[in-house]
Amino acid sequence: MCNNLKLFCVILFLVGVSTHTINAQKTGNIVEYFGKEKINEVSEGNVLHVFKTGLALQMQNLSFESSSFPNDPVFNRFLNDTKYRATKESTFDIDFLGNSSQWQSIKIDSTSSFSGRYLRSAYVQLTYTSNSEQTVLFEASGHSVALVNGFPHEGDHYDFGYSLIPIKLKKGENIFVLKVGRFPRIRARLITPSTGVQFTTRDMTMPNILQEESKPYQGAIRVVNATEYWIKDAIIEAKIADNITTTVIANIPPLSVQKVPFSFNINAVDTSKEGVDLQLNLKDNKGTHINNQTVPLEVKSKYKHHKKTFVSAIDGSVQYYSVAPSTTKEASQALFLSVHGASVEAVNQANAYAQKDWGTLVAPTNRRPFGFAWEDWGRLDALEVLADAKTIYQPDESKIYLTGHSMGGHGTWYLGATYPDRFAAIAPCAGYPDLLAYRDGFSRTVLEMTSEQLEERGISIKTVERMKWEPVNTPLHNIIERAGTPSRTLKLERNYLQSGVYVLHGEKDNVVPTAIAREMRERLGKFHNDFTYYEYPDGTHWYGNHSVDWQPIFDFFKQRTIPKDSTVKKLEFFTGSPGVSATSHFMTIYQQEKPFEVSSFDFSKEKGFDINTNNVVLLEVDLSKLNESINEITIDGDTLKVSSNLKNFFKKDKNNWAKTSKPSLKEKGPHRNGGFKDAFRNNVVFVYATNGSTIENDWYYHKALFDAETFYYRANGNVDMIKDTDFSLEKYADRNVIVYGNKDNNTAWKVLLKDSPIQVTNNEVRIGDKTLSGNQWGLYYTIPRTDSDVATIGVITATGELGMKAAYANHYLVNGTTFPDVIMFDNNLLNQGTNAVKYAGFFGNDWTIENGDFEWK
């Protein structure tokens, strides 16, 4: 796994490749920075203060750090020493070259932004002295995370201008510590809100109105609650012409901003209209007017490029996708799924394609233009869009195709390997199959530089020597990294045998180096007999719309279909977790011997019905999908009688296979297989502690709010957040729950976790028969809800204040990070990274510790 993701980002900077510059090119209509300009205007109130001076600390680090638990000594200092203040030219640390890291004075430029090379990999401290307690909106951009008077808040690291954080200023000194994000510039200001509760039009999700259809639509708009009270049972009244629709929105916590979904209806629109106005009115639960907003909506024809919205099952949020519909109206046409590159809006992705006469193209969002590299929630978004598009367009199920560019090229390699039977053919364009290979390509570039080239880029010989170091992993490190196996695309490469592959790459691509594509050509050439490789002459990373809309790709697609199950004579399938991908055609891997190691089956009809497996203990063979009578099958040499035309289940016990009944949903399986990150789906709700001390209650409220802010920003999300005292099994039935707190301070613990094999109280954690004392322990873990066959609980807990603050970060909401079922660490986590993890691993298939796979340090 990528132990050194942070190293990769630094290397990218050192070799002079600015991903912002690349993604901001306005060539064609696809490679655009988010598809819109940064928001600069303030409409939510009056600017109270612009931060004009501050202190900055550059903390470049080329050491091998875990992307799941990166070192963060600066935030660790501010979190645990509330009296610490940075001062000009004070030394914070000394790096591996012997250079001291000192706080330096900075001031804004003509754009009211702090900018410059010194802000790369930097922290910024800002100070504001208030004459009184008052509520303001902290509006900052360009930072990845902020500490505001000791509490964490999500940043705006892609510099969109979306961030609005309601905060209550203290009388006197207020400290803001910002970690600089993707680009070396930040802006920060305080806004006095015009009213306590209001709409903001920053970052709405809206559909196009279709001329030909009278139908309900879904949209989402953010509501700012700058009061210290809950907004309960409020209503959004949506009006277009004479159509009025009301939506009761979820309760909005104090001092928060929520992106709330709502519905509206409209009749067919006059074809001469290019737009209509949507009137939104926010009312309290008594019908009293609170705020209003007019939202202009574009009108499109459903027969031309347009965008649609839908409600996601992940979190109940409204997401969109863009469509390039077929130019013809025949039934059962093809469906093309096109996944975009980093920074590209789905609208621009679809607009890069001319409409086809034999199929419809849909472009999902990956939850955001940067999103999750089509892994984690980006993967789920692609699947949701594919399902929604199938429902609407009713394509020929044998004519489903996958393509994408750049990060979307990676998405094509990844999704194609993960769900091989869902696509007749795939076409990665300018893509990298695996983040490791992509990173290593830039590493090789640096290591191959001459001394003159290194000097030109400011790279020392010692830096290069350190880059050559190989990290030495312990068993505990390895089990943490194992949680990332489902994302290791190259371990699943033989799944490409199930589809045709067309590889398109620019001959002179220096963003995703052409060498990566050539390596994939070599790998495919060793086992695959149905792939095409083409290098576009003199092509760079983007050389116009034909970088994606390449006619030979669609000719290649047209010649291939997904085979019917009954015609499959040979079939190989590999997966890193049944919870991510379990099925190909008529066979499903239900459970693994060793969790999150690669599992596989190899099926052949050449000499009977023969299956060979690896790392599988529970297997389903659905013979009802085959048009023939089968009486026996062989699994790993064991011949077994079967029921023809039925689903058959087989269990492995001590190296022997036997027929068994359908497995209980209470056990692990494709529906619920673990990995801590998996808890953040299934209409998840955050439940925070209110039964502890003031310090505990404040912390867990802000921790839940921080995670909600992060999921909004990274995933365009909308997560319900409630007090522990408001939780009930019935009201939130079959929904995933994230519990913030422990048994002593979160009252929902006794409802949800009373039988958990891990119990956490103040100053004590019990794991099975082991007990550890002290207030320094923090844990993340996931277990099933015992009252549900589908829902999962994620637990973010600690034994005391030291453990709480060690658990502040939420890298579990970032792609490329690895979190098994359970991770326990101490208060050294922010200084020592993974070395502070004391216990990690996976529960058994029965969700017990006894039958699980764990490592202690």
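The values are calculated or read from the model by the stated rules, or taken from the named source; none is laboratory data. Worth saying up front: this structure is predicted, and the values here are computed from it rather than measured. Every residue, glycine as well, gets a Cβ built from its backbone with ideal geometry; the counts of neighbours run over all protein chains shown.
To keep it simple, each residue is scored yes or no on (1) farther than 15 Å from Ile823 by Cα; (2) buried (at least 23 other Cβ atoms within 10 Å of the Cβ); (3) of a type outside the set (Lys, Arg).
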{"residue": "Ala748", "(1), (2), (3)": "yes, yes, yes"}
{"residue": "Val760", "(1), (2), (3)": "no, yes, yes"}
{"residue": "Arg766", "(1), (2), (3)": "no, no, no"}
{"residue": "Gly778", "(1), (2), (3)": "no, yes, yes"}
{"residue": "Tyr781", "(1), (2), (3)": "no, yes, yes"}
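Just one of (1) crowded, with 24+ Cβ neighbours inside 10 Å; (2) closer than 28 Å to Ala733 by Cα trips up Leu830, so point out which.
Of (1) crowded, with 24+ Cβ neighbours inside 10 Å; (2) closer than 28 Å to Ala733 by Cα, only one is false for Leu830: (2).
Would it be correct to say that Pro152 is under 30 Å from Tyr812 (Cβ atoms) and in a loop (DSSP other than H, G, I, E, B)?
Values: under 30 Å from Tyr812 (Cβ atoms): yes; in a loop (DSSP other than H, G, I, E, B): no.
Spelling it out, it is not the case that Pro152 is under 30 Å from Tyr812 (Cβ atoms) and in a loop (DSSP other than H, G, I, E, B).
Only one residue in Phe650, Phe686 is assigned to a strand (DSSP E or B), under 30 Å from Phe711 (Cβ atoms) and touching a residue at least 12 places away in the same chain (Cβ under 8 Å). Which one?
Details: Phe650 fails: under 30 Å from Phe711 (Cβ atoms).
Unique residue meeting the criteria: Phe686.
Just to check your reading of the model, which residue among Ser756, Ser728 is within 29 Å of the chain's Cα centre (by Cα), farther than 20 Å from Ala807 by Cβ and at pLDDT 95 or above?
Numbers: Ser756 fails: farther than 20 Å from Ala807 by Cβ.
Only one candidate passes the filter, namely Ser728.
Given the condition surrounded by 17 or more Cβ atoms within 10 Å (Cβ to Cβ), touching a residue at least 12 places away in the same chain (Cβ under 8 Å) and among the hydroxyl-bearing types (Ser, Thr, Tyr), answer yes or no: does some residue in region 610-630 qualify?
yes
Residues are listed down the side, and each one gets a yes or a no for (1) in contact (Cβ under 8 Å) with a residue 12 or more places away in the chain; (2) under 30 Å from Ser398 (Cβ atoms); (3) outside the structural domain of His410 (by TED's automatic domain parsing):
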{"site": "Phe310", "(1), (2), (3)": "yes, yes, yes"}
{"site": "Ser317", "(1), (2), (3)": "yes, no, yes"}
{"site": "Gln349", "(1), (2), (3)": "yes, yes, no"}
{"site": "Gln355", "(1), (2), (3)": "yes, yes, no"}
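For region 572-591, which positions are more than 25 Å from the chain's Cα centre (by Cα) and assigned to a loop (DSSP other than H, G, I, E, B)?
Across region 572-591, the qualifying residues are His585, Phe586.
Hey, any hits in region 463-485 for a residue that's surrounded by 24 or more Cβ atoms within 10 Å (Cβ to Cβ), modelled with pLDDT of 95 or more, in contact with a helix residue (DSSP H, G or I) (Cβ under 7 Å, 6 or more places away or on another chain) and assigned to a helix (DSSP H, G or I)?
Within region 463-485, one or more residues are surrounded by 24 or more Cβ atoms within 10 Å (Cβ to Cβ), modelled with pLDDT of 95 or more, in contact with a helix residue (DSSP H, G or I) (Cβ under 7 Å, 6 or more places away or on another chain) and assigned to a helix (DSSP H, G or I).
List the number of the failed condition for Thr192; all other conditions in (1) in a loop (DSSP other than H, G, I, E, B); (2) at pLDDT 95 or above hold.
(1)
Under 6 Å by Cβ, and 6 or more places apart or on different chains, what pairs join a residue from region 145-159 that is farther than 16 Å from Leu190 by Cβ with one that is at pLDDT 95 or above and of a type in the set (D, E, K, R)?
Val145/Lys179; Glu154/Glu709
Would you point out which residue out of Asp744, Asp787 is surrounded by fewer than 18 Cβ atoms within 10 Å (Cβ to Cβ) and not hydroxyl-bearing (Ser, Thr, Tyr)?
On the way: Asp744 fails: surrounded by fewer than 18 Cβ atoms within 10 Å (Cβ to Cβ).
Only one candidate passes the filter, namely Asp787.
Kindly list the number of the only condition in (1) surrounded by fewer than 21 Cβ atoms within 10 Å (Cβ to Cβ); (2) out of contact with any Ser or Thr (no Cβ under 6 Å at 6 or more places or on another chain) that fails for Ile738.
For Ile738, the exception is condition (1).
Name the pairs whose Cβ atoms lie under 6 Å apart, with the first residue in region 494-521 and at pLDDT below 95, the second assigned to a helix (DSSP H, G or I), and 6 or more positions between them or separate chains?
Close Cβ pairs (under 6 Å, with a partner that is assigned to a helix (DSSP H, G or I)) amount to Val511/Ile22; Pro513/Gly441; Ile516/Ala437; Ile516/Gly441.
Quick check on this structure: which one of Lys723, Lys731, Lys703, Lys668 is basic (Lys, Arg) and closer than 30 Å to Asp622 by Cβ?
Details: Lys723 fails: closer than 30 Å to Asp622 by Cβ; Lys731 fails: closer than 30 Å to Asp622 by Cβ; Lys703 fails: closer than 30 Å to Asp622 by Cβ.
Matching residue, one of Lys723, Lys731, Lys703, Lys668: Lys668.
Could you list, in sequence order, the residues of region 740-799 that are free of Cβ contacts under 8 Å to residues at least 12 places away in the same chain and basic (Lys, Arg)?
Lys750, Lys754, Arg766, Lys770
If Asp381 meets every condition in (1) within 20 Å of Tyr419 (Cα to Cα); (2) surrounded by fewer than 20 Cβ atoms within 10 Å (Cβ to Cβ); (3) charged (D, E, K, R) apart from one, which number is that one?
All conditions pass for Asp381, except number (2).
Tell me yes or no: at least one residue of region 432-455 is part of a loop (DSSP other than H, G, I, E, B), of a type in the set (A, V, I, L, M) and surrounded by 20 or more Cβ atoms within 10 Å (Cβ to Cβ). Please lay out each step first, then the result.
Keep residues of region 432-455 that are part of a loop (DSSP other than H, G, I, E, B), which gives 432-434, 448-450.
Subset that is of a type in the set (A, V, I, L, M): 449.
So of that shortlist, the ones also surrounded by 20 or more Cβ atoms within 10 Å (Cβ to Cβ) come out as none.
No.
Which residue is nearest to the chain's Cα centre (by Cα), if the candidates are limited to region 504-533 and must be of a type in the set (Phe, Trp, Tyr) and surrounded by fewer than 18 Cβ atoms within 10 Å (Cβ to Cβ)?
Taking region 504-533 as the starting set, the residues that turn out to be of a type in the set (Phe, Trp, Tyr) are 527, 531, 533.
Next, from what is left, pick out any that are surrounded by fewer than 18 Cβ atoms within 10 Å (Cβ to Cβ): 527, 533.
Values: Phe527: 32, Tyr533: 30 Å.
This residue is Tyr533.
Among the residues of region 450-490, what is the count of those that are in contact (Cβ under 8 Å) with a residue 60 or more places away in the chain, of a type outside the set (Val, Ile, Thr) and more than 23 Å from Ala840 (Cα to Cα)?
Looking only at that region, the number is 7.
So, in region 319-338, how many residues would count as being outside any loop (DSSP other than H, G, I, E, B) and either out of contact with any His (no Cβ under 9 Å at 6 or more places or on another chain) or without any contact (Cβ under 8 Å) to a residue 12 or more places away in the chain (or both)? Walk me through it before giving the result.
Taking region 319-338 and keeping what is outside any loop (DSSP other than H, G, I, E, B), we get 319-324, 334-338.
Now drop any that are not either out of contact with any His (no Cβ under 9 Å at 6 or more places or on another chain) or without any contact (Cβ under 8 Å) to a residue 12 or more places away in the chain (or both), which leaves 319-321, 334-337.
Final tally of qualifying residues: 7.
What's the total number of residues in region 88-134 that are surrounded by 16 or more Cβ atoms within 10 Å (Cβ to Cβ) and in contact with a Gly (Cβ under 8 Å, 6 or more places away or on another chain)?
Qualifying residue count, region 88-134: 7.
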